[in-house]
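In what follows, a structure is listed as structure tokens, so that the remarks can point back to it.
The values are calculated or read from the model by the stated rules, or taken from the named source; none is laboratory data. Treat the numbers as computed from the prediction; the structure is a model and nothing was measured. Cβ: placed from backbone, ideal geometry, glycine included. Neighbour counts: every protein chain shown. Areas reflect the complete protein model, heavy atoms only, side chains present, ligands, DNA and RNA absent. Shrake-Rupley method; radii C 1.70, N 1.55, O 1.52, S 1.80 Å.
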Amino acid sequence: LYRQMDIGSAKATLAERQGVRHHLLDVLEVTAEASVAQFQQLARTAIAQIQQRERLPIMVGGSSLYVRAVIDPLDFPGTDPAVRAKWTAALAQLGAPALHQILDERDPAAAAQILATNGRRIVRALEVGELTGRPFIAQLPKPESIYSGLTMVGLDIDREVLDQRIDQRVDQMWADGFVAEVSALAGLADSLSASRALGYQQVLAMLSGEISEAEAIAQTKTGTKKFARRQDRMMRKDPRIHWLAFDADDLVDQVLRLLDSD
RNA sequence: GGCAGGUUGCCCGAGUGGCCAAAGGGAGCUGACUGUAAAUCAGCCGUCAUCGACUUCAGAGGUUCGAAUCCUCUACCUGCCA
């Protein structure tokens, strides 16, 4: 999403794009906050435009929530900075368990779904309750897409191989000038979401002297591995995904056959 | 060569006679998940297993009813002296 966050996010280069139009790259300044709701809207708009041109939209990447927000019927109930700030402050003062009690009084169903220690989700549930006056739906929907003719493909890879590749990727990021990229991003440190991005977060900590460069590299590697595992576990639960060996010689043919059959 | 300190489970690190399979953290595995999701949170984490049993705290031996904790020797690491 973010402009100038190229190396750390492994953004496809112009050469790699080979003339194929890529959407939703470079749509945000680093100081802007990213959100699923906005992404959902932007992605669905892009898909509609591609379909109007009678082309096949291909969505690549990412985290399960973002993917599902686009393809499945998720409706996000809105947000309000003031309300959010109020509950965030309450969280800091009272602590998560106390907030959870308040949630339990207002929305027992949501409280039952959210652990009393998970402050972030409690705050959101309270915010939604206050904004909509209705209960907060704290469960993901069934995997039923709003799009027909959807084909989902996952790349299957051994964790050992995955780990090796992540180590390589992070080393490559550093070799490509990742630290300089982060240093040059004005306003990144104070940004709400961009500063939390994997790698960027670690380099910021390094630049402010909290950790050494070796630690920043090591933490970026383990952080990326944990992230990859978490997303893999989530994706595995989606029965629609066809898992294909990442290194199959005929990978493209396999995908094309799936497209024909779905 | 002399003196002093150290060696704990995958890693770091508490533990100085019984309440120790051994605190805590990290890693790892698993799970939850609707506006920060590259986020937030939770469970498991020596082995086998139902209570429970079994093998561990550098190695070997010893003291003791009982040792990761005390003693002896061996190996390796570290600091001061030279």
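The table below gives the values:
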{"read-out": "Extension gain from A:T117 to A:Q101, taking 0.36 nm per residue of separation minus the Cα-Cα distance", "value": "4.6 nm"}
{"read-out": "Accessible-area composition of chain A, carbon plus sulfur, in percent [1.4 Å probe]", "value": "53"}
{"read-out": "Most mobile listed residue (A:D238, A:D72, A:D190) in chain A, GNM with C-alpha springs under 10 Å", "value": "A:D190"}
{"read-out": "Relative contact order (%) - the stretch A:1-105, alpha-carbon pairs under 8 angstrom, separation at least six", "value": "21"}
{"read-out": "Choice from A:A189, A:A180, A:A89 with maximal GNM fluctuation in chain A (Cα, 10 Å cutoff)", "value": "A:A89"}
{"read-out": "Summed residue charge, Cβ within 14 Å of A:F178's Cβ, Lys/Arg positive, Asp/Glu negative", "value": "-2"}
{"read-out": "Dipole magnitude of the stretch A:1-141, debye to nearest 20 (Cβ charges: Lys/Arg +1, Asp/Glu -1, about Cα centre)", "value": "300"}
{"read-out": "Accessible solvent surface per residue of chain A, calculated while the other protein chains remain in place, 1.4 angstrom probe, Å²", "value": "62"}
{"read-out": "With all protein chains modelled, accessible area of A:E33 [1.4 Å, Å²]", "value": "110"}
{"read-out": "Net charge of neighbours whose Cβ lies under 15 Å from the Cβ of A:G187, counting Lys and Arg as +1 and Asp and Glu as -1", "value": "-2"}
{"read-out": "Under 21 Å from A:K142, Cα to Cα: lysines that are on another chain or at least 8 residues apart", "value": "A:K237"}
{"read-out": "Debye, to nearest 20: dipole size of chain A, +1 on Lys, Arg Cβ, -1 on Asp, Glu Cβ", "value": "640"}
{"read-out": "Spatially proximal aspartates and glutamates relative to A:K221 (Cα-Cα < 19 Å; intrachain offsets below 8 disregarded)", "value": "A:D6, A:D158, A:E160, A:D163, A:D167, A:D171, A:D176, A:E181, A:E210, A:E213, A:D232"}
{"read-out": "Sum of side-chain charges, A:A216 neighbourhood, beta-carbon under 13 Å (Lys, Arg +1; Asp, Glu -1)", "value": "-3"}
{"read-out": "Cα shape, chain A, gyration tensor, a/c 1.5 rule", "value": "oblate"}
{"read-out": "Among A:L126, A:M235, A:A92 - extreme Cα towards positive end, dipole of chain A, charges at beta-carbon", "value": "A:L126"}
{"read-out": "Chain A - percent relative contact order, Cα under 8 Å, separation 6 or more", "value": "23"}
{"read-out": "The stretch A:140-236: chymotrypsin sites (Phe, Trp or Tyr not before Pro) in DSSP coil with no more than 14 other Cβ atoms inside 10 Å", "value": "A:Y147"}
{"read-out": "Linear extension gain, A:A12 paired with A:R134, 0.36 nm per residue minus alpha-carbon span", "value": "39.7 nm"}
{"read-out": "Exposure of A:K225 as accessible area (Å², to 10), given a probe of 1.4 Å and all protein chains", "value": "40"}
{"read-out": "Rounded FRET efficiency, nearest 0.05, which uses the C-beta distance separating A:S212 from A:S145 and R0 of 41 Å", "value": "0.35"}
{"read-out": "Accessible heavy-atom area order of A:R44, A:R53, A:R196, highest first, probe of 1.4 Å", "value": "A:R196, A:R53, A:R44"}
{"read-out": "A:M173 accessible area, 1.4 Å probe, all protein chains in place, Å² to nearest 10", "value": "10"}
{"read-out": "Stretch gain in nm, segment A:D250-A:A205, where the contour uses 0.36 nm per residue and the Cα spacing is subtracted", "value": "11.9 nm"}
{"read-out": "Residue among A:T31, A:T151, A:T117 with the largest mean-square fluctuation in a Gaussian network model of chain A, springs linking Cα atoms under 10 Å", "value": "A:T117"}
